[in-house]
Amino acid sequence: MDQLSNRSGVGSDDVTDETGSLVDVGLSSEDDSSDALAPCLAVPQSPLPSYKQRMEEFKRLFKELPDSEMLILDYPCALQRDILLQGRLYLSENWICFYSNVFRSTKIVLSLRDITTMSREKTARLIPNAIQICTNTEKYFFASFSAREKSFLSVFRMWQNTLLDKVKSTYLKIDTKMPETDAAFEVIEELLSSTDSFCLLFKRLR
């Protein structure tokens, strides 16, 4: 009987220990799951500003522009100076602007008609996240675009559209053999479809 009681005692101890270990495992797994969920319980991000809010910001920052100028796109980026000035690039129908409130604040206002060249660039000659915009007198290097290719094409197309009428009329004056027809304009638009062709054509016209 003593042996049986001892055996039963050993058995009960084993069950108790196993139960305890299961409880501990359960608690530890709950702790682990709460830790895994911790990043999900972070402070919620503020909602993105609406187009109306961005438009009001654009008007407030660039009061020198005509009231009729409408904001089309804007991108977070950085202007390369002695350091990278983090800010925002604003694209409207006829202007491209930049504003940064780093240090004393920096503001750039460029007419799309004054731009002579525009090219894709790399930050530190390695990271393909930059765009360079040049005029006859200035050169601006904008970096830190999250989607550089999309941003470049949007800015380039607006620049292209702004100069399209001027390019058409000037090109027709240069090549007098080309009749002023829809077919002639199609040829020009085909040239403009390429970034390199457009830049070369624009340099020739200037």
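Bear in mind that the values in this text are calculations on the coordinates, not laboratory data. All figures in this text were calculated on a predicted structure; none of them were measured in a lab. With ideal geometry, Cβ positions are generated from the backbone for all residues, glycine too; neighbour counts draw on all protein chains shown.
Among residues other than Phe62 with Cβ under 10 Å from its Cβ, the summed charge is +1 (Lys and Arg +1, Asp and Glu -1).
Translational D (Stokes-Einstein, µm²/s) of the stretch 69-114 at 37 °C and 0.692 mPa s when Rh comes from the Kirkwood sum over C-alpha pairs?
In µm²/s, the coefficient is 300.
With 21 Å as the limit, the listed pairs Lys122/Lys150; Lys52/Lys150; Lys107/Lys139; Lys52/Lys122 have Lys52/Lys150; Lys52/Lys122 beyond it between alpha carbons. Over the C-alpha trace of the stretch 81-141, radius of gyration and Dmax come out as 12.1, 32 angstrom.
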